[in-house]
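Right, one structure below, let's go through it.
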C-alpha cells in the first residue's frame, strides 16, 4: 500500500489523514492529525465468523501514551497500565456511532485500537480518534455502511465554536460532541450550564457542515487507497425458520407485549420460546436455537412497534408522553450524610452521599496534567436489579459511562468551593432496572444532595426519551422501558433544571434522526423533566439548612502565602502537631487558603486559634501572652506567636532599675507583653512588660524553688 495523505480545513484548523506508511499488516490503519495532536488508529477483523452471542463482537480501545505529552508514567512500573476512567469513557464514545455502521449480518470479531501519540494541549484527541476509527474501517476490506465524522461544539459568549481550543472549552457554557454523516446525527453527548433546548439544537446545526466535510475527506481517501470490501459468510438462519417461528409465536407474543409487569412478561416469553424450540426440534438442530431466539425477538419487535404506531399504546399501557408512577424517600439511612430512594415504575436507585475534606479529593492524571475532583459520583448495577445471576466484580464500562453521565448532569449545580468547601461523593446503587437507571440516578442524586444540606443551585431531574418510526410516521416516547429501548430507534437521555439542560446523551439505531424528531423529543423531555422536578420539590422543597451531625465541619481561612511554610513547619512537623493536638484535618492550598475540618466545635476553635496565632502579623501596641525562651544579661527573648519572638529589654521588665532579669523571669514563664516597636528593615520586635503594670502594682523579684535568686548574693528575697 502506498503512502497516501488527504487534508481539509475544519473550523480554521487543518485536518490531516494519512495511511500506507505504518502498521501495514492491519486491515486498516490511519494517522489523524490536527495541529500537533496525533492519533493512530488500526482496525482488524477476524477472518472466520464467531459463534453468535446476541450482539456484534466489536471491541474499541482508546489509550493515551504518556510520551504524547512528554511525560513519564507515575507509579512503580513506570509504564501505562489499565485504562484510566476517561480513556474508558472515550472508548465508549467512539463505539456508539461506530457499532451501527456494520451490517447486521456481519458476525466477525472486530477490534479497533486507538493510540494518542502526540498531544499539543490545544486540539482534543477524542474527536480525532472518532474520525480515525471511521476512516480505518472505511479504507479496509471490513464491511461498513458509510463513514462518519465527529466534532466538538462549544458555546462561548453567545457564539458557537467548532473544535474549541482548551481555553475556549474552559470558557464555554456548552461542551457537546456530535457524530454524524453530515446528513444525519448518529450520536450526541455533552454537558451544559442550564442552557435552552434551542441552543442545543443550534449546536447540532452548526456541526452538520463540518461533519459533511470530514466524511467527504474520508471518501476522497477511500477513492485513492480503499480496499474492496471482503465477501463474508452472513449470519443467517435456516431457510423457512423465521416463517415457522412467526406462525407459532405471533398470537402469543401479541398478548405478551401487553402484559404491564416486566417479570411476568419475561416469564411468559421464556415459556413461549421453550415451547417453540420443542415444537421445531424435529425440523431444526441445536445449532438453530440461537436463530429461533432471534426470530422470536424480531417478531416481538415488529408487533411492539406496530402497537405503538397504530394503536398509540405502549407495553405497559401508557400513552406516549406519560411518566411512570414516582415514589421518593429521603433521609432513610441514619448514619450517612445524605440519602434518597427514587423509584420510577420498575426502575429504582438508592443514593448515599458522603461529605469529605479537601484531602478526599480525587486525583486525576491526564495528558493535560494533574487535576483534582471535589465532586464524585459512582454508579453500580448489580445483577439482581434485573432479576439475574451474574458476575459481580468491579465496575464495567457501562457502569463507568452511566455514572459519568449522571455526574455531568449534577456538576453545574454543585456549589463552588469558596461557599461549600467539601469533597462530595455520591454512590448510586441500582436496586431495580427497567429503563434509564442513569436518569433515576440523577434524580436520586439530587435528592441526596438536598437531604445532606448541600446548597445546590437548582434541583436536577433526568428522563430518557425513545423513538418508534416507520417511513414518515414516528412517535416519541417519554420515560422509555428496557424493551422500548431495545426495539426502538433512539435512546435520548436529557437532564436539567427548571432553567435549562445540564447533560444529554443520544444514541440511534437507524441511519439518522431528523431535526424535527429531535425538536419533538427535546420539547417532550422538557415537559417530563418539569413533572419530575415537581415531585422532587414536593418531597423536599429546598436543601436542608443543617448538615448531618455525622458530617465534618469545615472552616476556611486565608493567610499570607509567605506564612504557609510557618504553618507546615520543617518536614510537616508543625501542621502534624496541630492536627494531633486538636483532632482535626488541615489542608493548605498554594494561594494561602486553609481548610480545617473537625467533628467538634471545640476542636475546630482550638485549631483555628493556633493557625491564627502562627500566621498573625504583629503590630505596635498589641498585647500578647508570651513565653520566655531565652534569658541574657541584657533582657529576655519572648515568643509571642509560635513563629515570632521579640526582645524584652532589661529596662522594660520593671519600672525600677534591675540588675538581673532572672530575678523576675525564667525560661518557660508566661509573661504579658506589649509591642513597643517593630524595625521596618529587620523585622525585629521590641517588647515591654512594664508598660502593662503600674508602679504601685509592680511586683518584687521572683523567688526560685532553691530559695535563691540566680546570680544573687545568696540573701533570701522577701515578698
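The values are calculated or read from the model by the stated rules, or taken from the named source; none is laboratory data. All values reported here derive from a predicted model rather than from experimental measurement. Neighbour counts are summed over all protein chains in view; Cβ atoms, including those assigned to glycine, are modelled from backbone coordinates with ideal geometry.
crowded, with 20+ Cβ neighbours inside 10 Å, in contact (Cβ under 8 Å) with a residue 24 or more places away in the chain and assigned to a loop (DSSP other than H, G, I, E, B): does that describe residue 108? Yes; evaluated as a whole, the condition is true for this residue. Among the residues of the range 298-317, those identified as in contact (Cβ under 8 Å) with a residue 60 or more places away in the chain and under 37 Å from the mean Cα position of the chain (by Cα) are 301, 304, 305, 308, 314, 315, 316. Among residues of the range 57-85 that are at negative phi and part of a strand (DSSP E or B), those with a Cβ under 7 angstrom from a residue that is surrounded by 15 or more Cβ atoms within 10 Å (Cβ to Cβ) and modelled with pLDDT under 90, sequence gap 6+ or separate chain, pair up as 63/80; 64/367. Among the residues of the range 173-189 satisfying the criterion of being part of a loop (DSSP other than H, G, I, E, B) and in contact with a strand residue (DSSP E or B) (Cβ under 8 Å, 6 or more places away or on another chain), which is surrounded by the most Cβ atoms within 10 Å (Cβ to Cβ)? Per the criteria, the residue is 181.
Table: residues versus (1) surrounded by fewer than 17 Cβ atoms within 10 Å (Cβ to Cβ); (2) in contact (Cβ under 8 Å) with a residue 40 or more places away in the chain.
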residue	(1), (2)
171	yes, no
191	no, yes
210	no, yes
229	yes, yes
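Consider the range 683-695 and keep the residues that are within 13 Å of residue 645 (Cβ to Cβ) and part of a loop (DSSP other than H, G, I, E, B). The one that is modelled with the lowest pLDDT is 683. When 339, 374, 385 are checked against the criterion of being within 30 Å of residue 576 (Cα to Cα) and either at pLDDT 95 or above or assigned by TED's automatic domain parsing to the domain that holds residue 443 (or both), a single residue qualifies: 374. Here residue 284 meets each of (1) free of Cβ contacts under 8 Å to residues at least 60 places away in the same chain; (2) part of a loop (DSSP other than H, G, I, E, B); (3) within 20 Å of residue 486 (Cβ to Cβ) with one exception, condition (3).
Is at least one residue of the range 651-666 more than 30 Å from residue 564 (Cα to Cα), touching a residue at least 12 places away in the same chain (Cβ under 8 Å) and assigned to a strand (DSSP E or B)? Scanning the range 651-666, I find no residue that is more than 30 Å from residue 564 (Cα to Cα), touching a residue at least 12 places away in the same chain (Cβ under 8 Å) and assigned to a strand (DSSP E or B), so the answer is no. In the set 488, 462, 496, only one residue is touching a strand residue (DSSP E or B) at 6+ places or on another chain (Cβ under 6 Å), modelled with pLDDT under 95 and surrounded by 24 or more Cβ atoms within 10 Å (Cβ to Cβ); that residue is 488. Taking the stated definitions as given, is residue 360 more than 30 Å from residue 479 (Cβ to Cβ) and in contact (Cβ under 8 Å) with a residue 12 or more places away in the chain? Yes, satisfied.
Conditions (1) in contact with a helix residue (DSSP H, G or I) (Cβ under 6 Å, 6 or more places away or on another chain); (2) loosely packed, with under 15 Cβ neighbours inside 10 Å, marked per residue:
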{"position": "599", "(1), (2)": "no, yes"}
{"position": "608", "(1), (2)": "no, no"}
{"position": "616", "(1), (2)": "no, no"}
{"position": "639", "(1), (2)": "no, no"}
{"position": "642", "(1), (2)": "yes, no"}
{"position": "647", "(1), (2)": "no, no"}
{"position": "652", "(1), (2)": "yes, no"}
{"position": "656", "(1), (2)": "no, yes"}
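Taking the criterion of being assigned to a loop (DSSP other than H, G, I, E, B), within 27 Å of residue 371 (Cβ to Cβ) and in contact with a helix residue (DSSP H, G or I) (Cβ under 6 Å, 6 or more places away or on another chain), the residues of the range 566-597 that qualify are 584, 592. Restricting attention to the range 464-504, the residues that are within 17 Å of residue 522 (Cα to Cα), part of a strand (DSSP E or B) and more than 19 Å from the chain's Cα centre (by Cα) total 15. Within the range 419-441, the residues that satisfy the criterion of being closer than 17 Å to residue 338 by Cβ and touching a helix residue (DSSP H, G or I) at 6+ places or on another chain (Cβ under 6 Å) are 423, 426, 428, 441. Give the number of residues within the range 130-169 that are assigned to a strand (DSSP E or B), under 21 Å from the mean Cα position of the chain (by Cα) and surrounded by fewer than 17 Cβ atoms within 10 Å (Cβ to Cβ). Number of matching residues: 0. Collect the residues in the range 75-116 that are over 21 Å from residue 400 (Cβ atoms) and touching a strand residue (DSSP E or B) at 6+ places or on another chain (Cβ under 9 Å), keeping them in residue-number order. 100, 101, 102, 106, 108, 109, 110, listed by residue number.
Being out of contact with any helix residue (DSSP H, G or I) (no Cβ under 8 Å at 6 or more places or on another chain), surrounded by fewer than 24 Cβ atoms within 10 Å (Cβ to Cβ) and farther than 30 Å from residue 308 by Cβ: is that true of residue 451 here? Spelling it out, it is not the case that residue 451 is out of contact with any helix residue (DSSP H, G or I) (no Cβ under 8 Å at 6 or more places or on another chain), surrounded by fewer than 24 Cβ atoms within 10 Å (Cβ to Cβ) and farther than 30 Å from residue 308 by Cβ.
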